[in-house]
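Working notes, structure below.
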Amino acid sequence: MFGKGIISDVRYTFRHGPGLRQMHGTIEEENPGGSTITVTTAGTYYGWTTSEVYHVQGVTADFTGTSDGLVPDDGGNFLMVGSVSFRGTPNSTIECGIFVDDVQEHVAFRRKLGAGGDVGAAPIATCLTGIDGGDKIDVRFTANSNGDVVIIENLHWSIIKIYE
């Protein structure tokens, strides 16, 4: 049976041999008042810059540049997982992209907001991808019209190294 609610803390265990270590990182924001990202130019992605560190091991939280992100110490295959609750300009189409070292890798979601100022929720990503050590992985937002805003209420962004 499934209940209602938000999963905000997932516990997991890796079984690994000598010399291997867990690598994972999570940054998040929980702000019911919201943090605003203004899309000055439609189609241009703007970074999320109001996150906090939740937990990191073998990964550094990087708050420099145009977007907050996660930087793994070593490369490998990583599971990227995230979710966001947001609102914004009525009738706008909001898109979130995943970036690795400032290059867009994936479109994580695209959602049209209603006319009534509703709060939308969406998974950012659940995907596996190869990442080099030292690469910065972050999420950014855009909209379909100049001047649209995205107001982040909750955002959780994690990367977890998957050992072969």
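The values are calculated or read from the model by the stated rules, or taken from the named source; none is laboratory data. Model, not experiment: these values are computed from the prediction. Glycine also receives a Cβ, built like all others from the backbone with ideal geometry; neighbour counts cover every protein chain displayed.
Below are the figures for this structure:
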read-out: Which listed residue, of GLY88, GLY82, is surrounded by 22 or more Cβ atoms within 10 Å (Cβ to Cβ) and at pLDDT 90 or above; value: GLY88
read-out: Selection within the range 147-164 - surrounded by fewer than 21 Cβ atoms within 10 Å (Cβ to Cβ), over 22 Å from GLY76 (Cβ atoms) and of a type in the set (Asp, Glu); value: GLU153
read-out: Sole exception among (1) exposed (fewer than 10 other Cβ atoms within 10 Å of the Cβ); (2) at pLDDT 50 or above; (3) closer than 26 Å to GLY75 by Cα for GLN22, by number; value: (1)
read-out: Residues of the range 50-62 classified as surrounded by 14 or more Cβ atoms within 10 Å (Cβ to Cβ) and without any contact (Cβ under 8 Å) to a residue 60 or more places away in the chain, total; value: 4
read-out: Restricting the range 109-128 to residues that are of a type in the set (A, V, I, L, M, F, W, C) and not in a strand (DSSP E or B), the residue that is farthest from the chain's Cα centre (by Cα); value: ALA115
read-out: Residue among GLY69, GLY65, GLY43, GLY34 that alone is touching a Lys or Arg at 6+ places or on another chain (Cβ under 9 Å), small (Gly, Ala, Ser) and loosely packed, with under 14 Cβ neighbours inside 10 Å; value: GLY65
read-out: The range 75-108, residues that are under 22 Å from THR64 (Cα atoms), assigned to a strand (DSSP E or B) and charged (D, E, K, R); value: GLU105
